Amino acid sequence: GWQVSMKSGSLSYILPCNRLPVQLMSQVRVYTSNGQKKDLGSEDANGSARGETLHKAETGRQDTTNAGQKQSSPKQPIQVKVKAVLKKREYGPKYTQNNFITGVRAINEFCLKSSDLDQLRKIKRRSPHDDTETFTVYLRSDVEAKSLEVWGSPEALARERKRRKEAEIKYRENLFRNQRLLWEYKEFFGNTKPRSSTAAMFFKGPGKVVMVAICINGLNFFFKLLAWVYTGSASMFSEAIHSLADTCNQALLALGISQSARTPDPSHPYGFTNMRYIASLISGVGIFMMGAGLSWYHGIIGLLHPHPVESLLWAYCILAGSLVSEGATLLVAINEIRRSARAKGLSFYQYVVQSRDPSTNVVLLEDAAAVLSVAVAATCMGLTSLTGNPYYDSVGSLGVGTLLGTVSAFLIYTNTEALLGRSIEPEQLQRLTELLESDPVVRAIHDVKATDMGMSKVRFKAEVDFDGRVVTRSYLEKQDIEQLLQEIQQVKTLEELEAFMLKHGENIVDMLGAEVDRLEKDLKQRNPDVRHVDLEIL
């Protein structure tokens, strides 16, 4: 039955036993970060609770044998293990006291001068940039206190920020006005500035191919237009429209090439390389609407309202010249794609399908379509000359339109895929993954994403599970072990333990950041296509 009732602290316990008086001792110590301890224990000074024994008479033979007997057991204390814990520190929803801030941000955001920062504590930290190892930062709390000292109150600081913002807007407006005046001055007196790197892009590589195509297609459009005015041939009209569409689209490609060379800015941190894909996409839409649409329209009108065709001799001569010029441009584009594909280790077909160089691809496909359309137009015009039936000429116009529509559909598809951000080849992704997994500091990687940003630029992202033991060992290898052992032996109180752990804990976290930088640098060096690496600590 329930025999013993006892108390410990403010709690009461009733324990089942057979006439056993039990003594319970309990004491808990709670340590704070300042080393003080508080005793929370039993009610009495001795920390024990005495049990009272209750006897119950039994019936039968037990009354005769156990009458008058009292049994007692020795007092057995119950010990409680003491656990020392640090008092939890509450930081609140917004804590910026330990944040670091660069000198540029301190001057811009808190309206300070460089001389004001000379009086503040300077801290050397590991630089996030590849070109520098360390850079100087300041405690944000020190900068905020200095700004209040300079401006007197938060309201005065806010007014100064507003004034500087208005002055910056006015400065940008004046800068735009001055740049426009400078441009007009150069137009009037002549520009003596050396040729820029953007202009030099059109004398080699894809820029050269595009400029050659613009010149040739412009001449072809002029002569084909004269031939259509002279003969009235529907096929010749389609050819003239085709050359005009090619000229306009290649001018758009030249604009995309020049825009893609712009340097990244805060609004576009990854640059403007996708402008080539955007220009190629618009070019594909232009070919479909302007080239294919007008060719189909003129062919259908020719079928519905046929009219006799005049002498086609001049048309044949112009088509022959167009075939030679378009073929020359096609050879230039083929040679450029072969050279680029060989440099990337890809086949000619893979380079074209993956749209590695959209500008050259557009020139290649447009010129290939131009050569085939010249053959189609010449064949249909020949049938019209032999039979005298104008329907063949209209069918030729429909054939040229269909060819242009096929080319435009391919360009729209490939450039849309590139702009959506497709993944890189599985073999290349596997090489990047194996490079990370073979490093001793990496346990595993998860959620790997490698996106082709266009123009052979890859962005790599992965969740990395780091081995904390290897990181810690790397940190210890750079420390004086004897001195570290002496520091450990000198730790006697909780304050000293906390200071020791905080010091070396922060250093180990810095070592982890250095390991992340090292892995990112190795990925970029061994894979030149990888321009942006984001490794997230799991």
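The values are calculated or read from the model by the stated rules, or taken from the named source; none is laboratory data. Keep in mind it's a predicted model, so treat the numbers as computed, not measured. FYI the Cβ positions are ideal-geometry reconstructions off the backbone, even for glycines, and counts take in every protein chain you see. Areas reflect the complete protein model, heavy atoms only, side chains present, ligands, DNA and RNA absent. Shrake-Rupley method; radii C 1.70, N 1.55, O 1.52, S 1.80 Å.
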- prompt: How big is D, in µm² s⁻¹, for the stretch 199-420 by Stokes-Einstein at 20 °C and 1.002 mPa s if Rh is the Kirkwood radius over C-alpha pairs?
  reply: 120 µm²/s
- prompt: Excluding same-chain residues fewer than 8 positions from LYS170, which aspartates and glutamates have a Cα within less than 19 Å of its Cα?
  reply: GLU109, GLU160
- request: Using a cut-off of 13 Å between beta-carbons, work out the net charge of the residues near MET290 (Lys and Arg +1, Asp and Glu -1, MET290 not included).
  value: -2
message: If every alpha-carbon in the stretch 95-182 counts as one equal scatterer, what log10 I(q)/I(0) does Debye give at q = 0.15, 0.16, 0.24 1/Å?
response: -0.70, -0.76, -1.12
- request: Sort the following peptides by mean Cβ neighbour count (other Cβ atoms within 10 Å, averaged over residues), highest first: 133-146, 275-288.
  value: 275-288, 133-146
- prompt: For VAL442, which sequence-distant residues (separation of 5 or more, or a different chain) have an amide H within less than 5 Å of its own amide H, given hydrogens modelled in the peptide plane?
  reply: ASP467
- prompt: Could you state the number of Å between the C-alpha centres of the stretch 395-427 and the stretch 441-483?
  reply: 40 Å
task: Any chance you could check the Cα centroid distance between the stretch 259-307 and the stretch 135-153 for me, in angstrom?
output: 54 Å
query: What's the extension gain from ALA409 to ALA320 if we count 0.36 nm per residue and subtract their Cα-Cα distance?
result: 29.3 nm
query: Quick one: putting +1 on the C-beta of Lys and Arg, -1 on the C-beta of Asp and Glu, what dipole do you get for the stretch 199-420 around its Cα centre, in Debye to the nearest 20?
result: 680 debye
task: Would you work out the charge dipole size for the stretch 426-537 about its Cα centre, treating the Cβ of every Lys and Arg as +1 and the Cβ of every Asp and Glu as -1, and quote it to the nearest 20 debye?
output: 460 debye
field: Heavy atoms of THR379 accessible to a 1.4 Å probe, total area in Å² rounded to 10
entry: 80 Å²
- prompt: Hey, could you pull the Cα Rg and Dmax for the stretch 315-371, both in Å?
  reply: 12.9, 44
field: Whole-Hz couplings from phi, Karplus 6.51/-1.76/1.60, listed for the stretch 425-438; x for Gly and Pro
entry: 5, x, 5, 5, 5, 5, 5, 5, 5, 5, 4, 6, 5, 7
task: Within 10 Å, count the other beta carbons around each residue, average over each peptide in 431-440, 324-333, 289-298, and list them highest first.
output: 289-298, 324-333, 431-440
field: Charge dipole of the stretch 361-442 about the Cα centre (unit charges at C-beta), most positive-ward option of ALA409, THR433, THR384
entry: THR384
field: Within the stretch 96-121: backbone nitrogen closer than 19 Å to the ARG164 label point (7 Å, Cα to C-beta)
entry: 100-121
- request: For ASP467 and ALA499, compute 0.36 nm times the residue count separating them, minus their Cα-Cα distance, and round to one decimal in nm.
  value: 9.1 nm
message: If you wrap a convex hull around the alpha carbons of the stretch 426-537, what volume per residue comes out, as a whole number of Å³?
response: 102 Å³
- request: Run the quick spin-label model on HIS307 and LEU331: label points 7 Å from Cα toward the beta carbon, then report their separation in nm to one decimal.
  value: 4.0 nm
task: Order these peptides, 407-414, 528-535, by their mean beta-carbon neighbour count within 10 angstrom, highest first.
output: 407-414, 528-535
query: What's the long-distance tail for the stretch 246-317, i.e. % of Cα pairs beyond 16 Å?
result: 66 percent
message: I'd like the FRET efficiency for LYS122 and GLU417, computed as 1/(1 + (r/R0)^6) with the beta carbon distance as r and R0 of 41 Å, rounded to 0.05.
response: 0.25
